[in-house]
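So the structure is just underneath, and the comments pick up after that.
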Amino acid sequence: MSTIALALIPRAVALNLAIGAIVAALKLPVYLDSIGTILVAALAGPVAGILTGVTSNLVLGMLSSPIFIAFIPVTVVIGTVAGVASRVGGFRSVPRALASGLVIGLLAGATSVPIVLALFGGVTAGGTGIITIALRALELPLESAAFIASMAVDVLDKMLSCAIVAAVLVRLPRRIGARFGLPQAAA
Amino acid sequence: MIERLRRINPLTALATAVLLVCATYVVPAPIGPALTLGIGVVLSSLTGVGRRVAILAIAVALPTWLFLAVMNAVVAPEGDTIRVAGIAVAPAALVPAAWIALRLGAAVAALGWVVMMTPPLRLVHALAQRGLPAWSQYLLAASLAAVPEARRRAREVLDAQRCRGLAVGGGPLGRLRAAIPLAGPLMVSLVTDAERHAIALDARAFEPRGKRTSLVPVPDPKGERILRTALWALTVALVVWGFVR
């Protein structure tokens, strides 16, 4: 891994944790807490993306709540898929980034459901949990309700995160873009 | 004894917490989680972080129990129901919900004890002493150091864009549109900052695969090393027992 990728990861981890201030100010119905992971994966590939995700949840586990450590597999999936998406041009435009976000969201949601079922009994205390309860009121089985709720939140969250990352990539100084081999930097 | 417990090597504390978390999920409820929660609370109290750990555990366990109770006892009642203020409630569903919340609380208390008692960098140094490569040590230490700076910068960007007239209210689409002018500068500045740090690392001939020597070694007496081996062995045995029973 290049030194700049190594130096970028801690900043991206901090971004994952700091973005909460912006989300709260905008009252967005999403978390955007994987935006740093997706940014690093888009710039430096899947391995760097995985390291960012794992480190983020370890640091969150140390600074906030150990519960985040249980969701490390989800961050591994996000880092991997975002890195692969980047390799096939998944962040070259906002529409492509939205498609990448859809895939990342579906896979991340599918990964988080077994964790939520095993550790939390299928419902987490938050927005996703409220959707799960609403779906249970419609007599959906618990597994289906947890799956649909997780998908709905994760897909929206990752699509928005990927769109923001794609918008930021074109605004990066060419010098830095070139260090990561971004196509727009070479143009 | 208590003073010695407060100066325990972070890796010994971590091994204890991992054992407690495994016991919480392997030993049947309510005995397993109640016992581990008790141990976690006692260890936390002895090391002076009892109140913080209790708050953390309650903050996770109580909302989880409430959500589960609403879902399984009221919204989609499981089992026989009784009427409470005109609402059908399944009281039997409250018990499994309580065990799930108890398990979560016990796991959070065990890990929370390590997190609250140990300064994060001390844990990183202890890991480095046991052979953690320089690159992963850098990732953990630099991430912990970067968080306050990034939070400060996020607030600065927010204030600056508001001063320039950025509307952060309105409908969902308008708020989504406002996300880019807010998140964008923060992200670009962090990437630019990374380049500066990469140059600094290169200038200092940073070797990612090397092992680093700590200026302040974390004490790791032989007794603790033996205890740690026993704790890890017990954890493995517990997990195996959980699978085969």
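According to a simple spin-label model (label point 7 Å from Cα along Cα-to-Cβ), what is the distance in nm between A:Ala110 and B:Trp241?
Computed distance between label sites B:Trp241 and A:Ala110 equals 3.7 nm.
Sequence neighbours fewer than 8 away in the same chain don't count; with that in mind, list the aspartates and glutamates whose C-alpha is under 20 Å from A:Lys27.
Reachable aspartates and glutamates: A:Asp154, A:Asp157, B:Glu156, B:Asp159.
Just want to confirm a number: the relative contact order over chain A, from Cα pairs under 8 angstrom separated by 6+ residues, in percent.
Relative CO of chain A lands at 20 percent.
Can you find, among B:Ala90, A:Leu135, A:Thr37, the residue farthest towards the positive end of the dipole of the protein assembly as shown? Put +1 on the C-beta of Lys and Arg, -1 on that of Asp and Glu.
Final value for the positive-end residue is A:Thr37.
Give me the distance in nm between label points sitting 7 Å out from Cα along the Cα-to-Cβ direction at B:Arg209 and A:Ser144, one decimal.
Distance between the two pseudo-spin positions: 5.3 nm.
Mind pulling the angle between the C-alpha long axis of helix A:46-63 and the longest principal axis of chain A? Nearest 10 degrees, somewhere in 0 to 90.
Around 50 degrees separate the two axes.
Using the Karplus curve 6.51 cos²θ - 1.76 cosθ + 1.60 with θ = phi - 60°, work out ³J(HN,Hα) for each residue of the range A:137-143 in order, rounded to whole Hz, and write x for Gly and Pro.
Once rounded to whole Hz, the list reads 5, 8, 6, 6, x, 4, 4.
With springs only between Cα atoms under 10 Å apart, run a GNM on chain B and tell me which of B:Ser136, B:Ser189, B:Ser45 wobbles the most.
Result for chain B, Cα springs under 10 Å: B:Ser189 fluctuates most.
Using a 10 Å cut-off around each Cβ of peptide A:112-122, what is the average number of partner chain Cβ atoms that fall inside? All intermediate terms of the calculation are to be shown ahead of the outcome.
Details: counts 0, 0, 0, 0, 0, 0, 2, 6, 8, 13, 5.
Partner-chain Cβ atoms within 10 Å, mean over residues of A:112-122: 3.
First select every other residue whose beta carbon is under 14 angstrom from the beta carbon of B:Pro133; then total the charges, Lys and Arg +1, Asp and Glu -1.
Numbers: positive: B:Arg130, B:Arg209, B:Lys211, B:Arg212; negative: B:Glu207.
In short, +3.
How far, in degrees from 0 to 90, does helix A:3-18 lean away from the longest principal axis of the Cα atoms of chain A, to the nearest 10?
40 degrees
Would you mind working out the magnitude of the charge dipole of chain B relative to its Cα centre, with +1 at each Lys and Arg C-beta and -1 at each Asp and Glu C-beta, to the nearest 20 Debye?
Here the size comes out at about 480 debye.
How would you classify the protein assembly as shown from its alpha-carbon gyration tensor, with a ≥ b ≥ c the square roots of the eigenvalues: rounded for a/c under 1.5, else prolate if a/b is greater than b/c, otherwise oblate? Numbers along the way, then the final one.
Numbers: a/c = 2.00, a/b = 1.15, b/c = 1.73.
Judged from the Cα gyration tensor, the protein assembly as shown comes out oblate (a/c at least 1.5, b/c at or above a/b).
Note down the nm distance, to one decimal, between modelled labels 7 Å out along Cα→Cβ at A:Leu98 and at A:Lys27.
Taking the two extended label points, one gets 2.5 nm.
What does the extension gain come out to for B:Arg162 and B:Arg130, with contour length at 0.36 nm per residue minus their alpha carbon separation?
Working: separation 32, 0.36 × 32 = 11.52 nm, distance 4.80 nm.
Length difference between fully extended and current span is 6.7 nm.
May I ask for the net charge around B:Ser44, where only other residues with Cβ less than 13 Å from the Cβ of B:Ser44 are counted and Lys, Arg are +1 while Asp, Glu are -1?
Details: positive: B:Arg6, B:Arg51, B:Arg52; negative: none.
My count for the surroundings of B:Ser44 gives +3.
Helix A:35-44 versus the longest principal axis of chain A: what angle, 0 to 90°, nearest 10, using Cα atoms?
It works out to around 40 degrees.
Which parts of the range B:37-51 would a label at B:Arg7 reach, counting a residue when its backbone N lies under 18 Å from a point 7 Å out along Cα-to-Cβ?
Within reach of a label on B:Arg7, which here means backbone N under 18 Å from a point 7 Å along Cα→Cβ, the range B:37-51 contributes B:46-48.
To check my understanding: the extent here is largest minus smallest coordinate of the Cα atoms along each principal axis. What are those three numbers for chain A, in Å, largest first?
For chain A, the Cα extents along the three principal axes come out at 55, 35, 30 Å.
Determine the sum of side-chain charges near A:Gly20: Lys and Arg each +1, Asp and Glu each -1, restricted to other residues whose C-beta is under 14 angstrom from that of A:Gly20. Write down the numbers at each step before the final one.
Working: positive: A:Lys27, B:Arg151, B:Arg152, B:Arg153, B:Arg155; negative: A:Asp33, A:Asp157.
Spelling it out: positives minus negatives among the neighbours equals +3.
Which helices, taking whole DSSP H runs in chain B, have alpha carbons extending 30 angstrom or more along the helix axis plus mean Kyte-Doolittle at least -1.0? Mind showing how you got there, number by number?
Working: long enough: B:94-117 (33 Å, 1.84); B:134-163 (42 Å, -0.16); B:179-203 (36 Å, 0.88); B:222-244 (33 Å, 1.06).
Length and hydropathy pass: B:94-117, B:134-163, B:179-203, B:222-244.
Can you tell me which of A:Leu43, A:Leu117, A:Leu156 moves the most in a GNM of chain A? Springs connect C-alpha atoms under 10 Å apart.
Sorting by GNM fluctuation, first place goes to A:Leu117.
Taking R0 as 45 Å, what's the FRET efficiency between B:Ala230 and B:Ala92 from their Cβ-Cβ distance, rounded to 0.05? Intermediate values should be presented prior to the final figure.
Details: r = 40 Å, r/R0 = 0.90.
So the FRET efficiency works out to roughly 0.65.
Considering every residue in A:37-46, what mean count of other chain Cβ atoms within 10 Å of its Cβ is obtained? Don't skip to the answer; put the middle values down first.
Values: counts 0, 0, 4, 2, 0, 0, 2, 1, 0, 0.
Average per residue, whole number: 1.
How large is the charge dipole for the protein assembly as shown, taken about the Cα centre, if only the Cβ atoms of Lys, Arg (+1) and Asp, Glu (-1) carry charge, to the nearest 20 debye? Intermediate results must be reported in sequence, preceding the final value.
Details: 37 positive and 17 negative charges, 244 e Å.
The calculation lands at about 1180 debye.
For the range B:1-78, what's the relative contact order in percent, using C-alpha pairs closer than 8 Å and at least 6 residues apart? Write down the numbers at each step before the final one.
Details: 29 pairs, mean separation 16.3, N = 78.
After rounding, I find 21 percent.
To make sure I understand the rule: partners must be aspartates and glutamates, Cα under 20 Å from the Cα of A:Lys158, and not fewer than 8 residues away in the same chain. Which ones qualify?
A:Lys158 reaches A:Asp33.
Averaged over its residues, how many other protein chain Cβ atoms are within 10 Å of peptide A:123-131's Cβ atoms?
Values: counts 10, 4, 10, 2, 0, 0, 7, 3, 0.
Averaged over the peptide's residues, the number is 4.
Mind telling me which of A:Phe120, A:Phe68, A:Phe147 comes out most flexible in a GNM of chain A, alpha-carbon contacts under 10 Å?
Comparing A:Phe120, A:Phe68, A:Phe147 in the GNM, the peak value goes to A:Phe120.
All of the numbers you see were taken from the coordinates with simple rules; none came from a lab. Model, not experiment: these values are computed from the prediction. When we count neighbours, we look across all protein chains shown, and the Cβ atoms used for this are built from the backbone with ideal geometry, even at glycine.
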